[in-house]
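Visitor: This is the structure I have questions about; it appears just below.
What follows draws every value from the coordinates through simple rules; no lab data is involved. Note that the structure is a prediction, hence the values are computed from the model and not measured. Don't worry about glycine lacking a Cβ; one is built from the backbone with ideal geometry, like all the others, and counts go over all protein chains shown.
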Amino acid sequence: MARVAVLPGDGVGKEVTREAERVLRAVAPDVELVHWPHGADRYLETGQTITDDEFAELESRYDAILL
């Protein structure tokens, strides 16, 4: 089963990503979608966007990233 990290972004990105997920689930119902809490809200709360460790995790543990 494919594992996909979902990073919806900000603004309209959240709406577009939600609809893209619906399409993806319709054509590939077995795909595992894992939501990541990255975007402007996280940055405003923590001052961080994405760390080097998180990049490494995306590279090693996921087959794709849905942005």
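Visitor: Just wondering, is there one or more residues in the stretch 8-29 that are touching an Asp or Glu at 6+ places or on another chain (Cβ under 7 Å) and not aromatic (Phe, Trp, Tyr)?
Guide: Within the stretch 8-29 (the criterion being touching an Asp or Glu at 6+ places or on another chain (Cβ under 7 Å) and not aromatic (Phe, Trp, Tyr)), the answer is no, since none of the residues qualifies.
Visitor: List pairs: first residue in the stretch 1-27 and under 13 Å from Ile65 (Cβ atoms), second residue aromatic (Phe, Trp, Tyr) and assigned to a loop (DSSP other than H, G, I, E, B) anywhere in the structure, Cβ distance under 6 angstrom, at least six positions apart or on different chains.
Guide: Going by the 6 Å Cβ cut-off, the qualifying pairs are Arg3/Tyr62; Ala5/Trp36; Ala5/Tyr62; Leu7/Trp36.
Visitor: Could you list all residues from the stretch 55-67 that are over 20 Å from Arg22 (Cα atoms) and in contact (Cβ under 8 Å) with a residue 12 or more places away in the chain?
Guide: Narrowing the stretch 55-67 to residues over 20 Å from Arg22 (Cα atoms): 55-61.
Within the stretch 55-67, Leu58, Arg61 meet the criteria.
Visitor: For the stretch 32-42, state whether one or more residues are assigned to a helix (DSSP H, G or I) and loosely packed, with under 13 Cβ neighbours inside 10 Å.
Guide: The answer is yes; a qualifying residue exists.
Visitor: Out of the residues in the stretch 13-67 that are among the small types (Gly, Ala, Ser) and under 17 Å from Arg3 (Cβ atoms), which is farthest from the chain's Cα centre (by Cα)?
Guide: If we take residues in the stretch 13-67 being among the small types (Gly, Ala, Ser) and under 17 Å from Arg3 (Cβ atoms), then Ala28 is farthest from the chain's Cα centre (by Cα).
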